[in-house]
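Enquirer: Please see the structure below; I have some questions.
The values are calculated or read from the model by the stated rules, or taken from the named source; none is laboratory data. These numbers were taken from a predicted model, which means no experiment stands behind them. SASA here: full protein model, heavy atoms, side chains in, ligands and nucleic acids out. Shrake-Rupley method; radii C 1.70, N 1.55, O 1.52, S 1.80 Å.
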Amino acid sequence: FVVYAYESDTKAVRYEDKITIVGIPELYKTERNSDGTVNVYWKDTSDESRSFIVYRKAEGETKWKRINEFTYVEFTKNFDGVEYCGYKDKTAKSGVKYTYTVRALSDTTDEKVSNSYYDTKGITATAK
């Protein structure tokens, strides 16, 4: 879609920009690893996704904390014939229950813009 801004007295167009809406990443599952890390898996639902931001919050927290942004998916894994994107949280603390979510970014403009919504429920895991 296109965003326009108008001067109130002249109604002249002052700014125009195109914004690409990126699909919400579809959260799939988490895996607890024996080394204490947690793998987070999601499906990229858009051809426009160029990078991702992973957020988490510990049990009892209300606000999401950005834990990583990356241009290329760290790894992929196949579950039942479907390829999922993966991220390994190496900063998870043992015994803490975390909820994760992912937001897609598009770099169709000069700046990366977070232009996807995200799963507000997230998916959970407790680090070993």
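Enquirer: What residues have an amide H closer than 5 Å to that of Asp119, excluding those fewer than 5 places away on the same chain, when H is modeled at 1.01 Å from N in the peptide plane?
Expert: It is Val102, by chain and number.
Enquirer: Quick check: residue separation of Arg50 and Glu83 times 0.36 nm, minus the Cα distance between them. What number comes out in nm?
Expert: Numbers: separation 33, 0.36 × 33 = 11.88 nm, distance 1.69 nm.
Taking Arg50 through Glu83 to full extension adds about 10.2 nm, to one decimal.
Enquirer: Give the accessible surface of the range 23-105 per residue, rounded to a whole number of Å², with probe radius 1.4 Å and ligands, DNA and RNA excluded. Mind dumping the intermediate values first?
Expert: Values: 4520 Å² over 83 residues.
Per-residue accessible area for the range 23-105 comes out at 54 Å².
Enquirer: Could you give me the ³J(HN,Hα) list for the range 47-64, computed from phi with Karplus coefficients 6.51, -1.76, 1.60 and θ = phi - 60°, whole Hz, x at Gly and Pro?
Expert: Residue by residue, the range 47-64 yields 6, 8, 5, 10, 7, 9, 10, 9, 10, 8, 9, 7, 3, x, 7, 9, 10, 6 Hz.
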